[in-house]
Each structure stands twice: as structure tokens, then as C-alpha cells.
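Participant: Dropping the structure in here first, questions after.
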Amino acid sequence: MKTDNWFQRLVRWTNGDSKPLHEPQAHVEFPKKETPEAPEAPFEKGPSLLKSSAGEITNFSLMVVSMFCCGVLILVLLLTVAYLPRFGSSYNAPVNEVSQRYVEQGVQEVGATNLVTNIILVYRGFDTYGESCVLFLGATAVIMLMAIDRNNTTKKDLEELEETEKMESKNRNQIIRHVTMILMPIIFLYGLYILCNGHLSPGGGFAGGSILGGALILCETAFGVKKVHSFFNHKVYHIIKVGALILYAVLICYTIFVGANGLENIIPLGKPGSILSAGIILPINVAVGLEVACTMYAFYIYFGKGNL
Amino acid sequence: MRPFYENFPFFCIFLTMLCGIITTLIHDGKKARYVTIISLFLCAAMNATVFIMTAVKGVNFTYTMGAFPAPWGNELRSGPIEALLATVFCLVINFSLMGGKKDLELDVLPEKKNMYYIMMDLLAASLFALCYTNDMFTGYVFIEINTIAACSIVMAKDCGQTIVATIRYLIMSLVGSGVYLLGISILYSITGHLLMPNLFTAVNDIIFDPQLRYPLAVVAGMICIGLTVKSALFPFHTWLPSAHGSATSSSSAVLSGAVLKGYIILLIKIVCRVFTPRDISYLGAGYILFILGAAAMIYGSIWAVRETHAKRMIAYSSVAQIGYIYLGLGLCTTAGIAAAVFQIIAHAFTKPLLFVSAGGLIDASGHQKKLYYLRGAGWRCPSAGIGFTVGGLSMVGLPLLAGFVTKLVLGQAALAEGIPQWQMITALAAIGISSLLNAWYYLPAILQIWKTEDEPLGPNGEVYSEGRYTPSRPFKVAVACMCLLVLILGCAARPLMNILIQGVGLL
């Protein structure tokens, strides 16, 4: 091979006969996870394999370059701040007809006394619907990555998980259990209150839902996953999550379609300030709340146990 | 009462989102697949209708999302270009899913398959929203959806390499979204608007204000950088080869064919509708995009020449092809932007064709991904071989194929009056050198897959004989359709270019 001149080598390469000229440097071959002696190998070996031949020098120069870039970015942003209009002045650009209408006509047009809810759920309902889809996607992505399957779990992992579960169920702390017993109903009630009063007072679906999710997580820590399973298993989780999102989608779809085509909206606005008012806001808040609670619990349980 | 077809963009977004949500309950991967593919074909039909109606009349329309008009509520805006690109994305995702069927069955676990289709549905929804949005913040929300879904479809093939690639992709993507978000918050605090037409008037008022010129330049820079990081322009491309090279073939095809382009379309809309192309060049961002685009065209090709892994080679070629788009955009003229949009469409069909056919060739060679082991693979799986040949020749720039027209219209745009001389010379040189380099790595690869002389050997001396591998029918259909589209784009480019130039004027 060494005796070839460059032309012969080129011909061989074009014919696909010779081995490639350069092996890619950052190509990492991962050992199979089943190998018993090195179960953690992918993450221990990763960095050392990724290093190039002149490893130390490259790393150092990369560090210098990245620090320089960060420094430049910081300087540029600080300079920009110096040019921005003063905070809170009434001559600022954001004080314009947009916010004026939200403040002056929001209650009358949309029906909720909480102006923020008016904006996020009705005026800009499409954006917020997108955000709840982000939550849904986040939960789905976590399930996709963390759910136990034959690729990411070995028999040994499963046995260990079972053992931990047994240990935990033996040594449940009495104090936590009793305190949780007293607190749980109150927390659930408070979460529901915030959820259902989203159009009247500060709060709403996102805040109330995270309280509900927190309550579920507390329940799991105190009583173990089996107790939670008795009322919140895989099936219930999916039905609540999908049901809530479909309810949300249908409501927002209807509102958008009717509004855009100039048809009459049959959902009544009600009297501002009463609990059954503000049209679609109350059901949407409930739907968002359930979605958020499900997502929080799913994050917790899948990162910890890998199974609902 | 508005004409009914004006509802179609909104229907498309919500149809795909609803399909994604309902797919959670369908545990059978096969049914989930049908739901996705049928909904996407429906969307393609609806978007095509919108395209025909707007292109024939030469108009665009806005669609209020709800009872409240634009600066208060949300708004979609649709013209020929937006509708055409949305149609292209539907088709690309569908062809990729059809073509990558065998790989998907192999790479994604059956119990997780329905989640893969959820991601595809929401990816499509976010791409439509990025095409049709008329609001900077709505754009951001759907960028987020796009990021999560795109990372998940890389991750779906659950092995060490893809996890590392996903982490890289996720970090770079989040940096991009963060910078974009910072850009729009600064823009909001100096103009007080998020809606594009209102921003346009506000920016026109302040662009020559000495006090606000600096923050405005920073905004232009940050929005451009944020979106270029996400669409893998040259210095920010480092995540692309590993993410596209290691994912399952339909993911690679969708990522390079559709996902990268979604961000570029948002950027084109911002360049044309928030600023004007002239403003962007006045603020300096245009020149930066131009230079980086030219550098990407050459750098990506050089790395592709060095690469021996078939899919990574195609991924590096994506880096170069993204450079073509930015070169056109960086010229900041109508012809340049129209050429960039043409390149988006041409590349959206050619690259998935290459990825899908490479997937077929790799399947036919015992899942060996090195080019060395693909020798003679074209005879084992002729449909994949033909697809790879057509795609590769189009990238090289053979006349009658889409890639040639791209180089032609880009060259014409660079030679037009009013372009500074250095830009003209750089553009022509970059196109020439890049085409030569493209030929240097695509032609040997094509020759290798059609090699007949000796029996091809695997790493352990396996022999893969002819006829042992039969591709699935969806694969053949997808490859045939994409080949045909590449040919049509190459032969009948002039009418399309006229529509695109008219469309850029309507943006």
C-alpha cells in the first residue's frame, strides 16, 4: 500500500477497494450494555474516546474560545441594556393600544375579572394551547426515554428496583404518613380551589395543576407507588391526560373557528365575578390543571421508577 | 363571511395536533402509522388548495385566530410561498415515514412506536405553524414544540450513540431558542409589538434613530444567530452530523428535509416582514449570513469528502446545502430570496431521498454503515440504488435535476445588478468549488454502490448475494415519488421560479 503513488491510491479509493483514508475521530463505539464487567462504560469512556490526539491543547483552546465568545456576548448585551428605554416610564413603547384594550375592555369582552387569564386563555389562546402541547410533548418524550424496556434495563436493574421498593415499604416513616394523611385533603382542596377560581383571582390551570401534581408526589413518597396506583394507574393517567387535552383542543378550536368566520358564539359569557362565568375559561382552566398535574407526576415517577 | 379555503391552514395545524393527542391512546404502532400518514396526506391536499387559490389570484390573506383582531389576538397569514412550503413538508414527512418503514420496525421498540408517531404529528403541526405564523411569539412557542419533537425522534432509536447525539442537539437547540427569545424580548421593549406588520411600521420609524439603532442591530443579530444555530449554519453545525447520522433513516430524512427548513422559513419571514431585506443588509446581518453561507458550502463538502460513514457523509452534505440557502438569503434581494426558497424545496426532496435510499442500501448490506461495505449494494436493492444515484447526481448539479436549477438561479441572483462585486465573486466561486467537491464525494459513492466485479464482503467475510433483500412497497413508492419530484423540479423550474418571485414580493 505504501508503494502506491497518489494516483493509484486515488483510483483504488474511487473503486472502493482501499480502506478509507481517514478514520473519523469523534466516532465512538459503545460497548453493549449487557457486558457484566462494565455496565457504566458508555459514560465513563465517552470523554476519553472523544478526545483527539492533541487532546489537552484542543480542550484548552476550545475553553479559551468559548470564554471569549461568552465575554463578547455579555458585553454586547450589557451595552444593549444601556440603550434600552428606562423601565416603568409611561412613554415606553409597550404602553400602547394593545395593553390599553386588554386593561380597559378585557372584563367586558371576555368576562373574567382576572385580566391575565383573559389574555392567556382567550385573547392569545392559540399560544397557550401551544404551550400545553409543549407539556404534553415533554411528558411523552420522558416516557419514551425513561420507560423500562429491553434496551435500557437489564434483569439486574429490575431486581434492584424491586428490592428498593421492598425496603421502602418496610421502613415507611410514621410521621410522614400521618402528616400526609392530614395534609393531603387540604392540599387537594386548595389546588382545586385555585384551578376553579382562575378567572376570578390570581391562579388558574398552570398554578392549580402544579399544586395537584405536588399532592400526588407527596402521596407517592408517603404511601408508596402501590397505594397511588389504586386510584391513579397507567390507564387513568392516559385517560385524564388525553381527555383534558382533547377538551381543551375542541373548545379552543370552536372559539377560533366561530370567531374567525364571524359566526355567533353560543357559549354564554355570564356575569363577571360569579363562578360560572367567562365562557370557555373555566373548563379550559380545569383541563390545563389536570394536564399539568399529570405531567408533573409523570416526570417524577418516570425519572424515579421508570414505570407508572 | 370569508371563503372556506381560508380556514385550511388553521385546520391543518389543529388536525395534526389532535391526531397526535389521540395517538396516545392507540397502542398499536401500525394503526398509529396509518393515522399519521392519512392525516398528513389530508393536510397536503388542504395546503395545496390554499397554494393554488393564492398563487392563481396572486394574493395573501390573514386569518384571525378567534374573535379578536390581530394586535390583541393571534393571527395566521398565508400566501403562495407559505402554503407551498407547508405542502412540501407534508409530503416530505410522509415519504420519509413510508421509505424508512423497515428501519423503523427495527430501530424503535414496538411499545414505543406510537410515541414516535405522536412526535411526527406534532412536528408537522409546528412546521405548519412556523410557515403560517404572523406573530413573533407564536413562532417561539412552535419552535419549542419543534425542538422537543425533533430531539425525540433522534432519541427514538434507543442506543448510546443516539443518546449522546440527542444531548448535543438538545443543548445547541436550546441555546438557539434562548437567543431568539432574548432577541424578541429586546425587540418588544423598543417597539411594543409582537405582530409582524405592526413591528414593520415600528421598525421603519426607529431604524434611523441613533439611540435605537444599536439595540435594533443586536436584535437582528440575535434573531439571525438563534435561528441559524437551530438550522445548523456553518460554525453552529457541530450537532448535525451525529444527530442526522445516527438516527433511524426516516428521522434523519425528516430532520434534514423539513425540520431545518422550518426555522429558515421563519427567518425569511422575519427578514421580509419585520425588517426589509435592505434593512437587514444595512444592519450588517445580511453580510454575515452571506459569508457564513459561503463558508458552510465549502467546509461541509470538505468534511463530507473525509467521511466514510454513508449517513454521516450525507449529513455533512446537508451542512453544505444549508449554506446554499443562506447564501441566497444573504444576498438580500428578491431574486436571492426566491433562489433560497427554491433551494429549500429542492433540498427538501433530494436529501430525504438520499437518506431513505441509503437506509435501503444499508439494510441490503447487513446493516453495515461504512461506504466500504456498501459496494455493489445497488444491485441487491435496485430501487434504493436508483434513488441514491438520482439524489447524488442532483446534489452534484447534473442538468435536468433539481440541484442544477438551484445552482443556476443562485448564480443568476448573484450576477444581478446592484450586487457588490466581492459578493458576486464570492458567490460564484463558492458555488463552483462546492459543486466540484460534491462531485468528488458523491460520484465515487455512486460508482461504489453499482460495482460488480467482486463479491462484496462484510467485516467478517459475509457475502451478500443479489435478490436476498426485497424492499417494502411503501419504500418503492416513496423513492419513486421523490425521484419524480426531483426530476420535475429540475425540468419545469421556470414557472415555479416565477411563482416564487411573485410570492417573495407578497411576503
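Participant: Sequence-distant or interchain residues sharing an amide H contact under 5 Å with B:GLU75, placed H: which?
Facilitator: Distant-sequence amide H within range of B:GLU75: B:MET65, B:ASN134.
Participant: Under the rule of at least 5 residues apart or a separate chain, name every residue whose amide H is placed under 5 Å from the amide H of A:THR154.
Facilitator: none
Participant: Please give the Cα centre distance for the range B:297-319 versus the range B:64-125, rounded to the nearest Å.
Facilitator: A separation of 27 Å, based on Cα centres.
Participant: If we count other beta carbons within 10 Å of each Cβ, what is the order of B:PHE349, B:PHE61, A:PHE7, fewest first? Working shown, then result.
Facilitator: Numbers: B:PHE349 24, B:PHE61 17, A:PHE7 8.
Lowest to highest Cβ neighbour count: A:PHE7, B:PHE61, B:PHE349.
Participant: On a straight-distance basis, which lysines could pair with B:LYS369 in a cross-link, Cα separation under 22 angstrom, same-chain partners fewer than 8 positions away excluded?
Facilitator: A:LYS19, A:LYS32, A:LYS33, B:LYS101, B:LYS102, B:LYS157, B:LYS311, B:LYS351, B:LYS451, B:LYS476
Participant: Another one. In sequence order, what are the phi-derived ³J(HN,Hα) couplings for the range B:382-396 according to the Karplus relation 6.51 cos²θ - 1.76 cosθ + 1.60 with θ = phi - 60°, rounded to whole Hz, with x for glycine and proline?
Facilitator: Per residue, the Karplus-derived 3J(HN,Hα) values read x, 4, 5, x, 5, x, 5, 5, 4, x, x, 5, 5, 5, 5 Hz.
Participant: Can you grab the distance from the C-alpha centre of the range B:156-188 to the C-alpha centre of the range A:104-149, Å, no decimals?
Facilitator: 22 Å
Participant: Suppose only helical runs count, i.e. DSSP H with n ≥ 4. What mean residue ellipticity at 222 nm does that imply for the protein assembly as shown under -39500 (n - 2.57) per run, divided by all residues and rounded to the nearest 500 deg cm²/dmol?
Facilitator: Working: 33 runs with 578 residues, N = 815.
Computed mean residue ellipticity for the protein assembly as shown: -24000 deg cm²/dmol.
Participant: Sort B:13-22, B:425-434, B:157-166 by the packing proxy (mean of other Cβ within 10 Å over each peptide's residues), most packed first. Provide the component values of the computation, followed by the final result.
Facilitator: On the way: B:13-22: 23.6, B:425-434: 18.2, B:157-166: 20.6.
Result, highest mean Cβ count within 10 Å first: B:13-22, B:157-166, B:425-434.
Participant: Sequence neighbours fewer than 8 away in the same chain don't count; with that in mind, list the lysines whose C-alpha is under 27 Å from A:LYS226.
Facilitator: In chain and number order, the partners are A:LYS155, A:LYS156, A:LYS166, A:LYS170, A:LYS235, A:LYS241, A:LYS305, B:LYS112.
Participant: Also: Return A:SER66, A:SER277, B:SER251 ranked ascending by Cβ neighbour count within 10 Å, so the fewest neighbours appear first.
Facilitator: Details: A:SER66 10, A:SER277 18, B:SER251 32.
Fewest to most other Cβ atoms nearby, the residues stand as A:SER66, A:SER277, B:SER251.
Bear in mind that the values in this text are calculations on the coordinates, not laboratory data. Because the structure is predicted, anything quoted here is derived from the model rather than measured. Glycine also receives a Cβ, built like all others from the backbone with ideal geometry; neighbour counts cover every protein chain displayed.
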